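Below: the structure, in structure tokens.
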Amino acid sequence: MRILAESGLDWNVINQECQSQSEISGVSWEDALYQNMLALKTKYNIESPIEKPLRAVAERKIIEITLLRAIERENNTVKSIAQKIKEPQSFIRTELKRLANKGLITVDKAHKPHKFLLSKKPPKNMPPTD
């Protein structure tokens with residue numbers, strides 16, 4: 001990796017290929033690539049211009065998968081999800097709203113507290129549960 005990075009890479013092409021492979025395979029490759037970027041930085045002081053945006057995408061996908069799995073396992077209220085993944089309820093609300101806007105979850109507002117349910121079609125990049 002170091003030799004390739006030092007020889008001159010088009011980082012934008014690498015970023016686009018990572019996104020493309022993630023979409024095609026249904027696997028989130030952004031986190032693995034980000035971890036490799038950190039290794040290059042730590043071991044060889046090679047910085048990539050795609051490191052920060054890659055980290056943001058990787059974190060967003062990890063959060064998405066974590067929330068969807070929690071809902072799948074019937075932790076489907078803000079409080080139960082927050083307790084399960086140990087994040088503040090305000091953060092959970094924001095992320096659940098984002099998932100609802102993407103059509104990945106629906107909100108049952110018939111009862112209080114509101115319940116969050118997976119949409120009929122599971123997201124392509126959600127790996128199977130263990």
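The values are calculated or read from the model by the stated rules, or taken from the named source; none is laboratory data. Quick caveat: nothing in here was measured; it's all calculated off a predicted structure. Here the Cβ is made from the backbone with ideal geometry for all residues, glycine too, and neighbour counts use every protein chain on show.
Whether any residue in region 123-130 is hydroxyl-bearing (Ser, Thr, Tyr), touching a strand residue (DSSP E or B) at 6+ places or on another chain (Cβ under 7 Å), in a loop (DSSP other than H, G, I, E, B) and at pLDDT below 95 is what I want to check.
Here is the first cut: in region 123-130, the residues hydroxyl-bearing (Ser, Thr, Tyr) are 129.
When the remaining residues are screened for being touching a strand residue (DSSP E or B) at 6+ places or on another chain (Cβ under 7 Å), the result is none.
Looking through region 123-130, none of the residues is hydroxyl-bearing (Ser, Thr, Tyr), touching a strand residue (DSSP E or B) at 6+ places or on another chain (Cβ under 7 Å), in a loop (DSSP other than H, G, I, E, B) and at pLDDT below 95.
For region 1-18, enumerate the residues that are in contact with a helix residue (DSSP H, G or I) (Cβ under 6 Å, 6 or more places away or on another chain) and either loosely packed, with under 10 Cβ neighbours inside 10 Å or among the charged types (D, E, K, R) (or both).
The one that is in contact with a helix residue (DSSP H, G or I) (Cβ under 6 Å, 6 or more places away or on another chain) and either loosely packed, with under 10 Cβ neighbours inside 10 Å or among the charged types (D, E, K, R) (or both): 2.
If we scan region 65-84, do we find a residue that is under 18 Å from the mean Cα position of the chain (by Cα), of a type in the set (Gly, Ala, Ser) and surrounded by fewer than 18 Cβ atoms within 10 Å (Cβ to Cβ)?
Within region 65-84, not a single residue is under 18 Å from the mean Cα position of the chain (by Cα), of a type in the set (Gly, Ala, Ser) and surrounded by fewer than 18 Cβ atoms within 10 Å (Cβ to Cβ).
Applying the selection to region 96-124, what residues are closer than 25 Å to residue 29 by Cβ and surrounded by fewer than 17 Cβ atoms within 10 Å (Cβ to Cβ)?
Those that are closer than 25 Å to residue 29 by Cβ and surrounded by fewer than 17 Cβ atoms within 10 Å (Cβ to Cβ): 98, 101, 102, 103, 119, 121, 122, 124.
For the structure I just gave you, tell me whether residue 82 is of a type in the set (Gly, Ala, Ser) and either touching a helix residue (DSSP H, G or I) at 6+ places or on another chain (Cβ under 7 Å) or closer than 30 Å to residue 1 by Cα (or both).
Numbers: of a type in the set (Gly, Ala, Ser): yes; either touching a helix residue (DSSP H, G or I) at 6+ places or on another chain (Cβ under 7 Å) or closer than 30 Å to residue 1 by Cα (or both): yes.
It is true that residue 82 is of a type in the set (Gly, Ala, Ser) and either touching a helix residue (DSSP H, G or I) at 6+ places or on another chain (Cβ under 7 Å) or closer than 30 Å to residue 1 by Cα (or both).
Just to verify a result, which residue in region 85-95, among those that are over 14 Å from residue 65 (Cα atoms) and not hydrophobic (A, V, I, L, M, F, W, C), is surrounded by the fewest Cβ atoms within 10 Å (Cβ to Cβ)? Quick ask: steps written out before the conclusion?
Keep residues of region 85-95 that are over 14 Å from residue 65 (Cα atoms), which gives 86-91, 93-94.
Subsequent filtering for residues that are not hydrophobic (A, V, I, L, M, F, W, C) retains 86-90, 93-94.
Working: 86: 6, 87: 15, 88: 9, 89: 13, 90: 10, 93: 14, 94: 10.
Going through the qualifying residues, I end up with 86.
Just name the residue that is surrounded by the fewest Cβ atoms within 10 Å (Cβ to Cβ) out of those in region 41-64 that are closer than 23 Å to residue 10 by Cβ and of a type in the set (A, V, I, L, M).
Checking each candidate, the answer is 56.
Go through region 20-40 and give me each residue that's farther than 15 Å from residue 51 by Cβ, crowded, with 16+ Cβ neighbours inside 10 Å and modelled with pLDDT of 90 or more.
If the condition is that a residue be farther than 15 Å from residue 51 by Cβ, crowded, with 16+ Cβ neighbours inside 10 Å and modelled with pLDDT of 90 or more, then 22 is the only one that fits.
Which residue pairs have Cβ atoms closer than 7 Å, lie 6 or more positions apart in sequence or on different chains, and pair a first residue in region 36-58 that is touching a residue at least 24 places away in the same chain (Cβ under 8 Å) and part of a helix (DSSP H, G or I) with a second residue that is basic (Lys, Arg) and loosely packed, with under 14 Cβ neighbours inside 10 Å?
Between residues of region 36-58 that are touching a residue at least 24 places away in the same chain (Cβ under 8 Å) and part of a helix (DSSP H, G or I) and residues that are basic (Lys, Arg) and loosely packed, with under 14 Cβ neighbours inside 10 Å, the close pairs are 40/2; 44/2.
Among the candidates 13, 27, single out the residue that is among the aliphatic types (A, V, I, L, M) and not in a helix (DSSP H, G or I).
Values: 13 fails: not in a helix (DSSP H, G or I).
Sole residue among the options that is among the aliphatic types (A, V, I, L, M) and not in a helix (DSSP H, G or I): 27.
Could you list all residues from region 75-110 that are in contact (Cβ under 8 Å) with a residue 24 or more places away in the chain and among the acidic types (Asp, Glu)?
95
Take residue 65 and decide whether it is out of contact with any Cys (no Cβ under 8 Å at 6 or more places or on another chain), at pLDDT 95 or above and in a helix (DSSP H, G or I). Outline the logic, then answer.
On the way: out of contact with any Cys (no Cβ under 8 Å at 6 or more places or on another chain): yes; at pLDDT 95 or above: no; in a helix (DSSP H, G or I): yes.
No.
Name every residue in region 44-79 that is among the acidic types (Asp, Glu) and over 24 Å from residue 2 (Cβ atoms), in order of residue number. Give the steps one after another, and end with the answer.
To start, the set of residues in region 44-79 that are among the acidic types (Asp, Glu) comprises 47, 51, 59, 64, 72, 74.
Passing the criteria: 59, 64, 72, 74.
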